[in-house]
Amino acid sequence: MKYFDDQQQCGIDRRNLLKGLGSAAAAGASMSFDLRQSAIAQENPVDCSPIGVRGKTPKPFKTDSSLPVRIRKSAFDLSGQEIDRLKAAYAALRNLAQDKPNDPRGWLRQGHVHCWYCGGGDNGRAGEEIHGSWLFFPWHRAYLFFHERILCKLIRDDTFALPYWDWDSEGRQTFPSAYGDPSDRANPLFDMLRSARPGSGIPSAVISPRSLSLTMNAATANLFLGSQNNTMGAMERQPHGAVHIWTADTTMRSARNDMGILATASQDPVFFAHHGNIDRLWSVWLSLSPQHRNFVSPTWRTHAWQFYDENSVWTQIQISDVLDTQNSLRYDYQPPSKKPIWTFTPRREPSIATAEAPTAEPPLVVASAPQGIELGAAPVTQTVAIPKPLESKISALSADSAPEYVLHVEDIEVPGDRQAFFNVFLNLPGANASTSVEAANFVGTVTVLAKNKAQQEHQHNAFNAAFDITDALSEVAKGAAKLSVTLVPVAPSEAGAEAGRISFKRVYIDTL
Ligand code: C2O
């Protein structure tokens, strides 16, 4: 069973894996389900389109209030019985994929739903991109909802709920053991193309009290959830992408399988526990402060997607349907039994610029390069002189100032087959990959996942990132004549000479 040991090195060849599995099955290994299901995916999914939808009119989603409220628990807090139920649900899903490959609810089809919404398969057909914008949270909530209901249906248990992987709870910066290791390969939650193991510790570059606190303290919906103009929200930037990358490859340099790549991420069952936690933290963020609110924009609230439901009915659900998890979707979260490692600090209400009360200053442009500034393996620093009016405003900032200043890094372009993972520091031009994120100069992390294993013509990955830098300015820019922004690659990917470059076009500071 050598191929299982090889998984620590990424770049494993799925065809060899299939061969190995074939012989394992032939050897009559006793398994509660057919492990080949874990490896039926192609190198890159070729076609992720939803099947059998031509000519179908989707049925609008309706709440079924007769259903019990499903209680999602931490994967670390599940009882033995609950873990068995979880395994039974995924075994049923994998078996469905094998027995009825054209059932739209089966395991691989479920995986392809995510692929469809993140760039699509090799055939160039894709749905709407739901990463890198204000669609990120609600789409994943809807996806998890239908996935969970399908699992309920398959095991005939309407109380079944997905667990969440609370990497933000004390002592839980590790991989949840329920999801298995190579000695437990009959476990339907195990994925052979994953490098994280129970007991592997998540490094502080991925999860730290400081970076989680920055995320959970994001002051506005634009900053936390992401914005309409392709700006990633704080959670998607950190730690969403980094946990994906680390799960696929704990060295983080070359996350080229399952969780590390958007096209295949949800072929690892732990995807749903990772996103369960992200979804839970959306609700937690809303509960932290009356200033934390969802968008009211009708454009956002009426935005809709289609999914197959647990009865294989092609269903349309809109964002307003997913905002009340308890009453509309019939699930809720049991808080983790451990405290969070992040802290929330209440702040004064930001004064948001309006047409009547525009902000005083024009944006401060730190860098602008239409042809792009390359971000290779070395840190890149951009510097600008601080104009006098801004200088005096910065000196007036104090620890209890309302959030006001936002740093934008825009048109971050990442080739479809590459990942990007970098930290951003203010006024610390010497920052490098070992600079602590505890430094007051640290303002956040950006992670962009590879979409696909091989670069496709149609793949274009361009995102913006926005950081609340009010506190950082008050701590590290008072009295400074210049302001510098340093982007520090955390785990530069091992890209060949032929790999496309990672670049960004604009860096500027404006106000909320
Ligand atoms: Cu749709 Cu965690 O990615």
| Given (1) crowded, with 23+ Cβ neighbours inside 10 Å; (2) modelled with pLDDT of 95 or more; (3) within 16 Å of the ligand (Cβ to nearest atom), number of the condition ILE150 does not satisfy | (3)
| field | Filtered residues of the stretch 65-90 (kept if in contact with a helix residue (DSSP H, G or I) (Cβ under 9 Å, 6 or more places away or on another chain), part of a loop (DSSP other than H, G, I, E, B) and either modelled with pLDDT under 95 or within 21 Å of LEU329 (Cα to Cα) (or both)) | value | SER65, LEU67, VAL69, LYS73, ALA75
| field | Unmet criterion (only one of (1) in contact with a Cys (Cβ under 8 Å, 6 or more places away or on another chain); (2) within 15 Å of the ligand (Cβ to nearest atom)) for SER195 | value | (2)
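So which strands (runs of 3 or more DSSP E) stay within the stretch 326-442 end to end and still have 2 or more residues that are charged (D, E, K, R) and at pLDDT 95 or above?
405-413
Please count how many residues of the stretch 240-254 are more than 12 Å from the ligand (Cβ to nearest atom) and crowded, with 24+ Cβ neighbours inside 10 Å.
Step one: filter the stretch 240-254 for residues more than 12 Å from the ligand (Cβ to nearest atom), giving 246, 249-254.
Going one step further and asking which of them are crowded, with 24+ Cβ neighbours inside 10 Å, we end up with 246, 249.
Count: 2.
Residue by residue through the stretch 55-64, note down the ones that are modelled with pLDDT under 95 and either of a type in the set (A, V, I, L, M, F, W, C) or on the phi < 0 side of the Ramachandran plot (or both). Give the steps one after another, and end with the answer.
Start the filter on the stretch 55-64 by keeping residues that are modelled with pLDDT under 95, which leaves 55-56.
Of everything in the stretch 55-64, just one residue is modelled with pLDDT under 95 and either of a type in the set (A, V, I, L, M, F, W, C) or on the phi < 0 side of the Ramachandran plot (or both), namely LYS56.
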| query | With respect to the numbered conditions (1) aliphatic (A, V, I, L, M); (2) part of a strand (DSSP E or B); (3) at positive phi, which one is the sole condition not fulfilled by MET252? | reply | (2)
| request: For MET216, state whether it is away from the ligand (no atom under 15 Å from the Cβ), crowded, with 18+ Cβ neighbours inside 10 Å and at pLDDT 95 or above. | output: yes
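Among the residues of the stretch 280-329, which ones are among the small types (Gly, Ala, Ser) and over 25 Å from THR343 (Cα atoms)? Can you show your working first?
Step one: filter the stretch 280-329 for residues among the small types (Gly, Ala, Ser), giving 283, 287, 289, 297, 304, 312, 320, 328.
The answer is SER297, ALA304, SER312, SER320, SER328.
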| task | Identify, by number, the condition in (1) more than 16 Å from ARG109 (Cβ to Cβ); (2) modelled with pLDDT under 95; (3) within 25 Å of the chain's Cα centre (by Cα); (4) surrounded by 12 or more Cβ atoms within 10 Å (Cβ to Cβ) that ALA24 doesn't meet. | result | (3)
| field | The lone exception for MET259 - which of (1) within 11 Å of the ligand (Cβ to nearest atom); (2) within 20 Å of ILE207 (Cα to Cα); (3) assigned to a loop (DSSP other than H, G, I, E, B); (4) of a type outside the set (Lys, Arg) it fails | value | (3)
| Can you spot a residue in the stretch 220-239 that is among the polar types (S, T, N, Q) and either within 11 Å of the ligand (Cβ to nearest atom) or more than 17 Å from LEU135 (Cα to Cα) (or both)? | no
| task | Kindly indicate which of SER368, SER398 is closer than 24 Å to LEU223 by Cβ, small (Gly, Ala, Ser) and surrounded by 12 or more Cβ atoms within 10 Å (Cβ to Cβ). | result | SER368
| Across the stretch 168-186, what is the total count of residues that are under 20 Å from LYS338 (Cα atoms), part of a loop (DSSP other than H, G, I, E, B) and in contact with a helix residue (DSSP H, G or I) (Cβ under 8 Å, 6 or more places away or on another chain)? | 2
| query | Right, THR299: outside any helix (DSSP H, G or I), over 24 Å from PRO45 (Cβ atoms) and either of a type outside the set (A, V, I, L, M, F, W, C) or within 12 Å of the ligand (Cβ to nearest atom) (or both) or not? | reply | no
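Would you call PHE272 within 19 Å of TYR143 (Cα to Cα) and either more than 16 Å from the ligand (Cβ to nearest atom) or not in a loop (DSSP other than H, G, I, E, B) (or both)?
Here the answer is yes, as PHE272 does meet what is asked.
Quick one: which of TRP134, TRP139 is in a helix (DSSP H, G or I) and over 22 Å from PRO335 (Cβ atoms)?
On the way: TRP134 fails: in a helix (DSSP H, G or I).
Testing whether each residue is in a helix (DSSP H, G or I) and over 22 Å from PRO335 (Cβ atoms) leaves just TRP139.
The values are calculated or read from the model by the stated rules, or taken from the named source; none is laboratory data. The structure displayed is predicted, hence computed values, not measured ones. Every residue, glycine among them, receives a Cβ derived from its backbone with ideal geometry; neighbour counts consider all protein chains shown.
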